[in-house]
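Have a look at the structure below before the remarks.
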Amino acid sequence: MCRVVDLRQAVLAKNDEAAQVLRTELTARGTTVVNLLSSPGSGKTALLERELLLARERGVAVAALTADLATENDALRLARSGVPVKQVLTDGLCHLEAAMLGRHLDGWLPGDTRLLFVENVGNLVCPAGYDLGESLRVVLASVTEGEDKPLKYPTAFGLAQLVVVTKTDIARAVEFDEAAFRANVEQVNPGVEVVLTSARAGEGLGVLLDRALAVGAGGGAHAPVMARQQHAEAHGHGHGHGHAHADAHGHSHGHGHDHDHDDDHDHARDEGHDHDHDGDHEHPHVQTVAQTR
Amino acid sequence: MHEMSIAMAVVGQVEEAARAGGAHAVTSVRLQVGELAGVVPDALAFCFELACAGTVLEGAELVTESVTARARCGSCPGTWAVGMPPELCCPGCGRATDVELLSGRELEILSVRWEDGPAGAPTREPIPEEA
């Protein structure tokens, strides 16, 4: 016979649960995850390179995982800082998911890591809906991208806990209107901090590191309005994309089903692969893992 | 284009529920998609059809209910439709310290219609020759 069955299950519940588990585990061992989102070419890698180097100079144990569709160029650049770096190739997938991240950290992430920077796939649409277990979500935009970027990608900017403007050294040349940009950010994410940086000129360097460390020390991150949706029903819908509410909403759904493309076949893993451009300190420890569907 | 991942997650969850409920064919899935969920219904419908192929959902219809994003301010009366791009500062007082998003982030499977009953029960009109 034909019947209609009420399911009331959040579609991303499985990812949200995996993210929550990861956040709990990593927090317990003293690691804070920072999820970096931006368009391709907005300067995530250049800024991160500088922040990693700074962290190393200050003796803060950091690591970075960078995701791209192809090439290990970003990992090679980040590895110059001398901190542990891992490249994940998503093989076409437009975003990272929590379970995928968890598997990549297994057996790789050094136990004493205080900050793990995750450079998501360059994309402002898809990664926005996927909680990776981060404690700080950062959205970056370069001065060349237009002041209305936050309005064009409201979900990404609306869920950010820190907004970073990059390439301010060329702001004047491209007539970047800082006030308009700030007003647009404020519209979709009232109260979020906006930081101006230039990896080239040195403006704002260290702020990302400081904010991440503050969150790791229990300082609490900004709670975006968009992440604060209240659920009227007592049973909750389980899609806590927000990091503001760290509830696991555990009701029965989607267990054990491998719905995604993130089975790691772990081929093409070239461990230890030394791209050590500046030779004198420890191996940069780059790892590449191809991600196949 | 994460709609494929979303579609596969929907199919996976429905398959599991269908298995648990003894269903042998799923005919439709009702999904609630908020304005701020970051999902394009047309792209999702396209991916859904592909994701259903070869599963108990083969040929199932996807019914999408969209949900308007609304918010309210703790200091001002009433609620407002935040629109797209969303306006999350209170249109009354201009502040956002006490703004609460009431709806708009939904991405939820509401219900599923399926065929169950004794295994091998006909799911189609019998062909006259068989009768």
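The single condition from (1) open to solvent by less than 20 Å² (accessible area, probe 1.4 Å); (2) at positive phi that residue A:45 fails is (2). If the condition is being more than 7 Å from chain A (Cβ to nearest Cβ), surrounded by fewer than 23 Cβ atoms within 10 Å (Cβ to Cβ) and under 18 Å from residue A:97 (Cβ atoms), then the range B:4-24 contributes only B:4. If you check every pair at least six apart or on different chains, which have Cβ atoms under 8 Å apart with a residue in the range A:1-30 that is at the interface with another protein chain (Cβ under 7 Å from one of its Cβ atoms) first and a residue that is open to solvent by 30 Å² or more (accessible area, probe 1.4 Å) and of a type in the set (S, T, N, Q) second? Taking only residues 6 or more apart or on different chains, the pairs are A:2/B:27. Taken as a whole, the range A:82-91 holds at least one residue that is at pLDDT below 95, away from chain B (no Cβ under 14 Å) and open to solvent by 30 Å² or more (accessible area, probe 1.4 Å).
Check A:137, A:114 and return the single one that is more than 12 Å from every other protein chain (Cβ to nearest Cβ), within 17 Å of residue A:226 (Cα to Cα) and under 17 Å from the mean Cα position of the chain (by Cα).
Values: A:114 fails: within 17 Å of residue A:226 (Cα to Cα).
Just a single option satisfies the conditions, and that option is A:137.
State all residues of the range A:44-82 that are part of a loop (DSSP other than H, G, I, E, B), of a type in the set (Val, Ile, Thr) and in contact with an Asp or Glu (Cβ under 9 Å, 6 or more places away or on another chain); if no residue qualifies, say none.
Let us first name the residues in the range A:44-82 that are part of a loop (DSSP other than H, G, I, E, B), namely A:58-61, A:69-72, A:80-82.
Okay, now just the ones that are also of a type in the set (Val, Ile, Thr), so A:60, A:71.
The answer is none; no residue qualifies.
Candidates A:169, A:177, A:247, A:210: the one that is modelled with pLDDT under 55, open to solvent by 50 Å² or more (accessible area, probe 1.4 Å) and more than 14 Å from chain B (Cβ to nearest Cβ) is A:247. Can you find a residue that is open to solvent by less than 50 Å² (accessible area, probe 1.4 Å) and either within 7 Å of chain A (Cβ to nearest Cβ) or more than 15 Å from the chain's Cα centre (by Cα) (or both) anywhere in the range B:55-66? Checked against the condition, which is being open to solvent by less than 50 Å² (accessible area, probe 1.4 Å) and either within 7 Å of chain A (Cβ to nearest Cβ) or more than 15 Å from the chain's Cα centre (by Cα) (or both), the range B:55-66 yields at least one hit.
Answer yes or no: is there a residue in the range A:51-69 that is on the phi > 0 side of the Ramachandran plot, open to solvent by 30 Å² or more (accessible area, probe 1.4 Å), at pLDDT below 95 and touching a Leu at 6+ places or on another chain (Cβ under 8 Å).
Let us first name the residues in the range A:51-69 that are on the phi > 0 side of the Ramachandran plot, namely A:59.
Checking which are open to solvent by 30 Å² or more (accessible area, probe 1.4 Å) leaves us with A:59.
Remaining after also requiring at pLDDT below 95: none.
So far as the range A:51-69 goes, no, none of its residues is on the phi > 0 side of the Ramachandran plot, open to solvent by 30 Å² or more (accessible area, probe 1.4 Å), at pLDDT below 95 and touching a Leu at 6+ places or on another chain (Cβ under 8 Å).
The values are calculated or read from the model by the stated rules, or taken from the named source; none is laboratory data. No experiment lies behind these values; they were computed from the predicted model shown. As a convention, Cβ positions derive from the backbone with ideal geometry for all residues, glycine included, and neighbour counts pool all protein chains shown. Accessible surface is based on the protein model in full, side chains and every heavy atom, while ligands, DNA and RNA are left aside. Shrake-Rupley method; radii C 1.70, N 1.55, O 1.52, S 1.80 Å.
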